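Chemist: My questions will all concern the structure given below.
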Amino acid sequence: MITLAQLALNALSLGAAYALVALGFVLILNATGAVNFAQGDLVMAGGYLTAWFVVLLPLPGLVLLPLAMVATALLGLAALALAYFPLMRRPPSTVFVSTIAIGLILQNGAVRLFGPEPRVTPPVLGGGEVHWAGLTLSRQSISLIVVAAVLILGQRWLLARTRLGRQMRATAEDRTMAAALGIPVRAMIALTFALAAALAGAGGMLLGNQFFVTPTEGSALILKAYVAVVIGGWGSLEGAVAGALLVAAFETIVAALVSYTAAIALLYGVLVAILLLRPEGLFGEAAGRRA
Amino acid sequence: MNAPRGVALLGAASLIIYAVGFASAYELRVLTFAGCQVLMVLGYQLIFGHAGALSLAQGAFFGLGAYVTAILGARYGAGFAASFPLSILLPVALAALIAVPVLRLASHYFALATLGLAQVVLLAFVNGGTWTGGALGIPGLPGVSIFGWTVARGLPLLSLVWAVVAFGAFLSGRMTNGITGLAFTMLRENPLAASAIGIDGARLRFSAFLLSAGYGGAAGALEAHTAGVVSPEALGFNQLVTCLAMTVIGGSTRVAGAFLGALLLTYLPERLRFLEGQALLAYGAALLAAVILAPEGLAGLLARLWAKLEPVVRKDQVRPSPLILPPLGTREPLLEVRALARRFGGIEAIAGVDLTLASGEILGLIGPNGSGKTTLANLVTGLTKPDRGVIRFQGRRIDDLGAFEIARLGIARTFQTSALPAEVMVLAAVAVARASEARVLGTAAVLHARDRGAHRRKLDAEAMGLLERLGAGAVALRPCGDLPPGLARRVEIARALALRPSLLILDEPAAGLAESEHTNLADTLRSLAAEGLALIVIEHNMPFLLGLAGRVLALDAGRVIATGTPAEIRRDPRVMASYLGSAAA
């Protein structure tokens, strides 16, 4: 019973962190029509930045989190300026290649700056365990879920309820029309990119405490985000969150029953099966095929 | 001898002189590795550059080839004659296995699905236990031995590797310089227009993917022999991004690009001290710079320079030859459409249309915007599949055939917006449409050399004949992107006729033409009909259409609201109300 509850909590906290990564992926996909392959590497960058900040400023994770998000957002904007704006009129697969290049630079830049050894990010509110209703639960898992939930709801509120959010959505839906209505299209794309990168940075900070930060984790993360997005329906924000939770649950359960390797291999197997049987995702396709 | 061939020979000669006369043992080893990379890039160019699909599985195919060679060589003592073919076959088999679900996917789906495949292969080998050597891989691979003859490391192995590279480059050049390379260009630039001239895109992409896997496997096998060890690194993501960077920087569609990219990226980190240990960081920066500044790579830049220095074939070298349209249809009616219907979401784009058409007839198709004219054309040409109804062409049901098959049966079309590839020469753009009819397309034709020499000259001559007939002979050697709209229309009609169709569907042929060009176009179309070609003409310009068509069909909201001679249509109250009312008033 206790292990089962802890297992569920682990799945939920992992899923919450994956959800942040997948959300960023979809936000950029909708705003630009292109895949940002460096999204996983931005997560990694967020992890390293937090691990570095905590050495400079030994403060609790919750205080460092906004710092990490701002720093990753700036990295995201740099990536946008280099790998997207010069290529706006070229086919989407060109942007895929240019963001692979950005990922390569981030990955090997991290090796150069921080070395190949794994780093640990500080916990959100200190480590340890809490006892509740006869269960022993990790404090980090609970605070991770709360932080991620706040960020996801905040992102929803921003897009659904604010004027700025409406302008961002209008840009994602039809760029030409948005420009005709006087919306500053480039600024909105930049803002979306910054938001997506900030979410990735938060994901990196939150994941890095339990799972460490390594320079090469980006490509595994982008694949998981991709699986989550394919499951949830290409282009759907809610679907991305649901897909991320499913991916994490699957990974946690299979890893507990068999092994982590089996979990990952099966996950990619499920992905191919979904692509084969339902290319529009389990919950339908929100954004048409743009590429 | 032409100049690019001269440069290639010069390059080959200097590489040989360097290898035999000056290179140290270490440098020979580096040059051998570089050869393996060239081979991998040559394969990657086929799927990424020519087929235009961003495969992220090239590293996996390379690593798989390396592991097959290592396992067979180190564990079972197999010789090169057995292990090398298997190292090529296994990646090809894997590619064939996943090609069917994966190649249908749109670009980013394809990219990420192939990355998923690569990760599964990597996981399998890292966790393969003693059989694959796990994370450490397989050491102590014996050198190459072919039927008992041992190829020593150093110059002999280098010669073997570069001989394979030369053969690979020859094969790839064969495939991509000829008419099949043109078909790939069409496919990349506009897949729908490519299928409308009979190009089987799925089959071309399938061959390119399998060939890329084969080249990757061969490269991996040779690299395993050169290094003497194989580790999971060979399968990893870095292998792929190295290959991608070499391909983009060198140039993704030219054989020379594979040599330039692979040699440059192998040697620069060796030569530049500050790059030590930072090769991948530099690859990332160079890849980004190339994508933004030189999308055609170094080979593309050189080719442009070349084109300025030395202009290509002169027009008088291509002698036009007439193309005879097929004999009048033996089975009439030529086209028969019954109760055809197609819905998009909640909208019935075509809601039960019947129509028949005889050879030599010109049918006008009119209707307001959104009435279903283009959808009807798309249904007949197979670009869209009907929900209900039957389409027969020469008595044969075609509603379940692919667009390229319908094009090959003899239904050609043009599109509303110009579908010509901007960079390709007009003559070549028309000749490639002859290719599928003349059966000189695809890998098999390449291997039989059917797309070269006399065959190619015949296609060019026929294409030239069509261009002259359409009054576009003078621009035959200009790139399609340079043409004014009137000439582009003519070239598109010539290209459609290159299929030797029995039925030609024209989607707004007069749009964008000057008044003075209308008479000329109408005369050309009438003379084609007089030879037995049936025409369906979609047009908003009523004076043009009513003067041309023998019969007119008026569509509104996906239904036929009137049909008759132009005179009858002019008087029809429903047509007046829905359409002519505004145009003719």
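The values are calculated or read from the model by the stated rules, or taken from the named source; none is laboratory data. No experiment lies behind these values; they were computed from the predicted model shown. FYI the Cβ positions are ideal-geometry reconstructions off the backbone, even for glycines, and counts take in every protein chain you see.
Chemist: May I ask you to verify whether A:L221 is surrounded by 24 or more Cβ atoms within 10 Å (Cβ to Cβ) and under 10 Å from the mean Cα position of the chain (by Cα)?
Modeler: Yes.
Chemist: Let me ask something else. Taking A:G154 as the residue in question, decide whether it is out of contact with any helix residue (DSSP H, G or I) (no Cβ under 8 Å at 6 or more places or on another chain), free of Cβ contacts under 8 Å to residues at least 24 places away in the same chain and not basic (K, R).
Modeler: yes
Every residue, every condition in (1) within 14 Å of another protein chain (Cβ to nearest Cβ); (2) within 19 Å of A:G208 (Cα to Cα); (3) touching a helix residue (DSSP H, G or I) at 6+ places or on another chain (Cβ under 7 Å); (4) loosely packed, with under 14 Cβ neighbours inside 10 Å, yes or no:
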residue	(1), (2), (3), (4)
A:M44	yes, yes, yes, no
A:G47	no, yes, yes, no
A:L62	no, yes, no, no
A:L67	no, yes, yes, no
A:T99	yes, no, yes, no
A:I105	yes, no, yes, no
A:V111	yes, yes, no, no
A:L135	no, no, yes, no
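Chemist: Further question: With the stretch B:86-190 as the region, which helices (runs of 4 or more DSSP H) entirely inside it contain at least 3 residues that are within 14 Å of another protein chain (Cβ to nearest Cβ) and under 22 Å from the mean Cα position of the chain (by Cα)?
Modeler: So the answer is B:107-126, B:179-189.
Chemist: For the stretch A:192-219, give me each residue that is among the aliphatic types (A, V, I, L, M) and under 13 Å from A:V147 (Cα atoms).
Modeler: Within the stretch A:192-219, A:L199, A:A202, A:M205, A:L206, A:L207 meet the criteria.
Chemist: Taking only the stretch A:227-251 into account, find how many residues are within 14 Å of chain B (Cβ to nearest Cβ) and either outside any helix (DSSP H, G or I) or of a type in the set (S, T, Y) (or both).
Modeler: 3
Chemist: Being within 7 Å of chain B (Cβ to nearest Cβ) and surrounded by fewer than 17 Cβ atoms within 10 Å (Cβ to Cβ) is the filter here, so list the residues in the stretch A:252-273 that pass it. Reasoning before the result, please.
Modeler: Filtering the stretch A:252-273 for residues within 7 Å of chain B (Cβ to nearest Cβ) gives A:261, A:264-265, A:268, A:271-272.
Within the stretch A:252-273, A:T261, A:V272 meet the criteria.
Chemist: Tell me which of these B:S55 doesn't satisfy, since it passes every other one: (1) part of a helix (DSSP H, G or I); (2) surrounded by 24 or more Cβ atoms within 10 Å (Cβ to Cβ).
Modeler: (1)
Chemist: Now a separate question. Would you check if B:S87 is of a type in the set (S, T, N, Q) and at pLDDT below 90?
Modeler: So B:S87 does not fit the description; no.
Residues checked against (1) under 19 Å from B:L548 (Cβ atoms); (2) free of Cβ contacts under 8 Å to residues at least 12 places away in the same chain; (3) of a type in the set (A, V, I, L, M); (4) assigned to a strand (DSSP E or B):
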site	(1), (2), (3), (4)
B:S371	no, no, no, no
B:L383	no, no, yes, no
B:G389	no, no, no, yes
B:R392	no, no, no, yes
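Chemist: Please enumerate the residues belonging to the stretch B:488-503 that are at positive phi and β-branched (V, I, T).
Modeler: Once the filter is applied, which keeps residues that are at positive phi and β-branched (V, I, T), the stretch B:488-503 yields nothing.
Chemist: Moving to a separate point now. Could you tell me whether the stretch A:82-89 includes any residue that is closer than 17 Å to A:G24 by Cα and in a helix (DSSP H, G or I)?
Modeler: Among the residues of the stretch A:82-89, at least one is closer than 17 Å to A:G24 by Cα and in a helix (DSSP H, G or I), which makes the answer yes.
Chemist: Follow-up. Check B:L302, B:L265, B:L272 and return the single one that is modelled with pLDDT of 90 or more and either surrounded by fewer than 20 Cβ atoms within 10 Å (Cβ to Cβ) or within 14 Å of chain A (Cβ to nearest Cβ) (or both).
Modeler: Only one candidate passes the filter, namely B:L265.
Chemist: Separate question: If you go through the stretch B:121-133 one residue at a time, do you hit one that is on the phi > 0 side of the Ramachandran plot, surrounded by fewer than 18 Cβ atoms within 10 Å (Cβ to Cβ) and modelled with pLDDT under 85? Don't jump to the end; show me each part of the working.
Modeler: Narrowing the stretch B:121-133 to residues on the phi > 0 side of the Ramachandran plot: B:129, B:133.
Restricting the remaining residues to those that are surrounded by fewer than 18 Cβ atoms within 10 Å (Cβ to Cβ) gives B:129.
After this cut, where a residue has to be modelled with pLDDT under 85 as well, the list is B:129.
There is at least one residue in the stretch B:121-133 that is on the phi > 0 side of the Ramachandran plot, surrounded by fewer than 18 Cβ atoms within 10 Å (Cβ to Cβ) and modelled with pLDDT under 85.
Chemist: Would you be able to say whether some residue in the stretch A:96-114 is among the hydroxyl-bearing types (S, T, Y) and without any contact (Cβ under 8 Å) to a residue 40 or more places away in the chain?
Modeler: Step one: of the stretch A:96-114, the residues among the hydroxyl-bearing types (S, T, Y) are A:98-99.
With without any contact (Cβ under 8 Å) to a residue 40 or more places away in the chain added as a condition, the list becomes A:98.
Scanning the stretch A:96-114 turns up at least one residue that is among the hydroxyl-bearing types (S, T, Y) and without any contact (Cβ under 8 Å) to a residue 40 or more places away in the chain.
Chemist: Taking the options B:G564, B:G512, name whichever one is more than 37 Å from the chain's Cα centre (by Cα) and surrounded by fewer than 17 Cβ atoms within 10 Å (Cβ to Cβ).
Modeler: Matching residue, one of B:G564, B:G512: B:G564.
Chemist: Of the residues A:P58, A:P66, only one is farther than 25 Å from A:L137 by Cβ and outside any helix (DSSP H, G or I); which?
Modeler: Just a single option satisfies the conditions, and that option is A:P58.
Chemist: Go over the candidates B:L28, B:L15 one by one and state the one that is surrounded by fewer than 24 Cβ atoms within 10 Å (Cβ to Cβ) and out of contact with any helix residue (DSSP H, G or I) (no Cβ under 7 Å at 6 or more places or on another chain).
Modeler: B:L15
Chemist: Sort through B:V165, B:V151 and tell me the only one that's in contact (Cβ under 8 Å) with a residue 12 or more places away in the chain, within 22 Å of B:L72 (Cα to Cα) and in contact with a Gly (Cβ under 9 Å, 6 or more places away or on another chain).
Modeler: B:V151
Chemist: Listed residues A:P118, A:P122, A:P92; which is modelled with pLDDT under 90 and within 11 Å of chain B (Cβ to nearest Cβ)?
Modeler: Numbers: A:P118 fails: within 11 Å of chain B (Cβ to nearest Cβ); A:P122 fails: within 11 Å of chain B (Cβ to nearest Cβ).
It is A:P92.
Chemist: Quick check on A:R175: is it more than 22 Å from the chain's Cα centre (by Cα), of a type in the set (D, E, K, R) and over 28 Å from A:Y48 (Cβ atoms)?
Modeler: When the stated conditions are applied, A:R175 passes them.
Chemist: Just one of (1) assigned to a helix (DSSP H, G or I); (2) farther than 26 Å from B:T524 by Cα trips up B:N378, so point out which.
Modeler: Condition not satisfied by B:N378: (2).
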